[in-house]
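S.K.: The structure under discussion is supplied below as structure tokens; questions concerning it will follow.
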Amino acid sequence: MDLAWLVVFREVAARGSLTAAAQALGYTQPAVSRQLAALENAAGGRLFDRLPRGVRLTEEGRCMLAHAEAILDRMRTAQHDLEALRNLDAGRLRAGAFETANAALMPRALAVFRGAHPWVTLSVAEGNSPGQLSSLRNGEIDVAVISCYPHQQLNTSDLTLRYLLDDPLMVALPASHRLARPGRKALRLAELAGESWVEGYSPSSQTLTGACLRAGFQPQIDFTVREWVAKQGFVAAGLGLALVPLLAAGAIRPGIVLCPLHPDEAPVRGVYAATWRVIATPPPVAEFLRCLEETARNLQDSGHGPPRD
């Protein structure tokens, strides 16, 4: 059943005349007559009595009118709701990110997005990058902010990756450490040979080990601590050193000094926004990607980048 038939039917019912309805709708009178005939054929009964002057609803017509008005009202509501989604006056955005992205990059980008589109519902899921990509493919999130070191391999063949920034690792030292001098230049890893280290899960340990081996020594990992807040506690207590992404620099607790590594030796991970290539990009996701890119540029402009010796 064509919705246009219902529009014509409602107009004729309101005006009691095919000619008046045709004038109001900008149609010819024969066009209105054809559409009414098509509707009556689909409904299986007469909807109007044809009078010497005008028309009048039959009992079946009165029944049809109530349903026509309900259908047209629902369609008007649907069009309003769809327009709100397109204009970002409604809808949702489900983002995912790795832990240290939630220290600065994500909250700043989300704040920019919410300031411009306060009626879009926001949610954030935290987890490692492989887990975020799995959630993206499963439809649990709409966009994933992930990180990847050059030596790592992530399966992203079915994804669209948007580069955001490079995130170099720094060394977290206890404030009492001999090398924790304010304003010192970049450290060489060889200066840290023989130190104790606090590290977490395997990929992080591999990054540390690979960087130290290239500098000529095997790091001594005395404490395996995965959770970021706990790792800071171990460093602040003087139990070891840890590698810290620059993205997390603003969330370092008291008692810790961050020192940059020489750019020739600092492991650097790329940070990307991932979306699933096989689905269309909804308006909230497209706008959030813009906010992420803007926030990443602002972080770099404010000094987020590999340190220089």
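S.K.: To check you understand DSSP bridge types, tell me what percent of the beta bridges within the chain (both residues inside) are antiparallel, rounded to 5.
M.R.: So the antiparallel bridges amount to about 65 percent of the total.
S.K.: Between the stretch 114-179 and the stretch 1-36, what is the C-alpha centre distance in whole Å?
M.R.: Rounded to whole Å, the Cα centres lie 57 Å apart.
S.K.: Additional query: Please list, ordered by chain and number, the residues whose modelled amide H lies under 5 Å from the amide H of GLY91; skip anything fewer than 5 residues away on the same chain.
M.R.: The list, which skips near neighbours in sequence, is THR121.
S.K.: Compute the Cα gyration tensor for the stretch 95-187, then decide on rounded, prolate or oblate, letting a ≥ b ≥ c be the square roots of its eigenvalues: rounded whenever a/c is under 1.5, prolate when a/b is larger than b/c in the other cases, and oblate in all that remain.
M.R.: Here the stretch 95-187 falls in the oblate category.
S.K.: Okay, moving on. With charges only on Cβ, +1 for K and R and -1 for D and E, what is the dipole size of the stretch 3-86 about its Cα centre, in debye, rounded to 20?
M.R.: Using Cβ point charges on Lys, Arg, Asp and Glu, the stretch 3-86 gives about 240 debye.
S.K.: In the Gaussian network model of the chain, springs joining C-alpha atoms below 10 Å, which of ALA104, ALA193, ALA125 carries the largest mean-square fluctuation?
M.R.: Ranking ALA104, ALA193, ALA125 by mean-square fluctuation puts ALA193 first.
S.K.: Please identify, among ARG290, ARG46, ARG108, the residue showing maximal mean-square fluctuation in a Gaussian network model of the chain using a 10 angstrom Cα cutoff.
M.R.: Most flexible of the set in this elastic network: ARG46.
S.K.: Using a 10 Å cut-off around each Cβ, can you sort GLU140, GLU59, GLU199, GLU287 from fewest to most neighbouring Cβ atoms?
M.R.: The fewest-first ordering by Cβ neighbours comes to GLU59, GLU140, GLU287, GLU199.
S.K.: Can you work out the Karplus-derived ³J(HN,Hα) for every residue in the stretch 138-152? Use 6.51 cos²θ - 1.76 cosθ + 1.60 with θ = phi - 60°, whole Hz, and x for glycine or proline.
M.R.: Values per residue, Gly and Pro as x: 7, x, 7, 9, 9, 8, 10, 9, 10, 10, 7, 7, x, 7, 8 Hz.
S.K.: Another question, then. Which cross-chain or sequence-distant (5 or more) residues have an amide H under 5 Å from the amide H of VAL244, H modelled 1.01 Å from N in plane?
M.R.: The list, which skips near neighbours in sequence, is MET170, VAL171, ALA172.
S.K.: In whole Å, what are the Cα extents of the chain along the three principal axes, biggest one first?
M.R.: 106, 32, 29
S.K.: Which order do TYR149, TYR163 fall in if you start with the one that has the fewest other Cβ atoms within 10 Å?
M.R.: TYR163, TYR149
S.K.: Skipping prolines and chain starts, which residues have an amide H placed within reach, meaning under 5 Å, of the one on VAL257, given they are 5 or more residues away or on another chain?
M.R.: Those qualifying (amide H under 5 Å, at least 5 residues apart or on another chain) are LEU173, ALA175.
S.K.: Mind checking which of PHE217, ALA190, LEU241 is farthest towards the positive end of the stretch 168-260's charge dipole, using Cβ charges of +1 (Lys, Arg) and -1 (Asp, Glu) about the Cα centre?
M.R.: Going by the charge dipole, the pick is ALA190.
S.K.: Of PHE48, PHE234, PHE217, which has the largest mean-square fluctuation in a 10 Å C-alpha GNM of the chain?
M.R.: PHE48
S.K.: Add -39500 (n - 2.57) for each DSSP H run of 4 or more in the chain, then divide by its residues: what number comes out at 222 nm, to the nearest 500 deg cm²/dmol?
M.R.: That calculation yields -13000 deg cm²/dmol at 222 nm.
S.K.: Can you tell me the dipole magnitude for the chain around its Cα centre, using point charges on the Cβ only (Lys, Arg +1; Asp, Glu -1), in Debye to the nearest 20?
M.R.: 460 debye
S.K.: Sorting THR58, THR28 on the 10 Å Cβ count, fewest up front, what's the list?
M.R.: Exposure proxy ranking, most exposed first: THR28, THR58.
Coordinate-derived values only; no laboratory data. Here the structure is a predicted model, which is why all the values come from computation and not from measurement. Backbone-built Cβ (ideal geometry, glycine too); neighbour counts: all protein chains shown.
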